[in-house]
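The structure appears right after this line, and notes come after that.
The values are calculated or read from the model by the stated rules, or taken from the named source; none is laboratory data. Not measured: the values here are computed from a predicted model. Virtual Cβ from ideal backbone geometry, glycine too; neighbours counted across all protein chains shown. The accessibility values were calculated without ligands, DNA or RNA, using every heavy atom of the protein model including side chains. Shrake-Rupley method; radii C 1.70, N 1.55, O 1.52, S 1.80 Å.
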Amino acid sequence: MKKIVAIVLIVLGLAMIVMGIGNFMIPPAFTGIGFIAIAYVFIKEIQHKNFEK
């Protein structure tokens with residue numbers, strides 16, 4: 001489940017960054033960066049759980 005959420009967050013984050021930069025709006029770009037950071041944490045957590053098995 002977290003893997004799907006991470007993929008969705010990455011896609012949304014990239015879309016928000018592109019729209020934010022394209023329209024010269026800073027807040028959506030920062031939100032996109034935040035979404036990608038949250039997805040990174042989810043992915044690292046998944047990798048950590050798989051490593052412990």
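Out of everything in segment 3-13 that is in contact (Cβ under 8 Å) with a residue 24 or more places away in the chain and open to solvent by 90 Å² or more (accessible area, probe 1.4 Å), what residue ends up being farthest from Q47 (Cα to Cα)?
I7
Here's the yes/no breakdown for (1) of a type outside the set (A, V, I, L, M, F, W, C); (2) loosely packed, with under 11 Cβ neighbours inside 10 Å:
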residue	(1), (2)
M1	no, yes
A15	no, no
G22	yes, yes
G34	yes, no
V41	no, no
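Conditions (1) outside any helix (DSSP H, G or I); (2) in contact with a Cys (Cβ under 8 Å, 6 or more places away or on another chain); (3) not β-branched (V, I, T), marked per residue:
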position: I21; (1), (2), (3): no, no, no
position: F24; (1), (2), (3): yes, no, yes
position: F30; (1), (2), (3): no, no, yes
position: I38; (1), (2), (3): no, no, no
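Across segment 43-52, what is the number of residues that are open to solvent by 90 Å² or more (accessible area, probe 1.4 Å) and of a type in the set (A, V, I, L, M, F, W, C)?
Restricting attention to segment 43-52, the residues satisfying the condition of being open to solvent by 90 Å² or more (accessible area, probe 1.4 Å) are 44, 47-52.
From what's left, of a type in the set (A, V, I, L, M, F, W, C): 51.
Residues meeting the conditions: 1.
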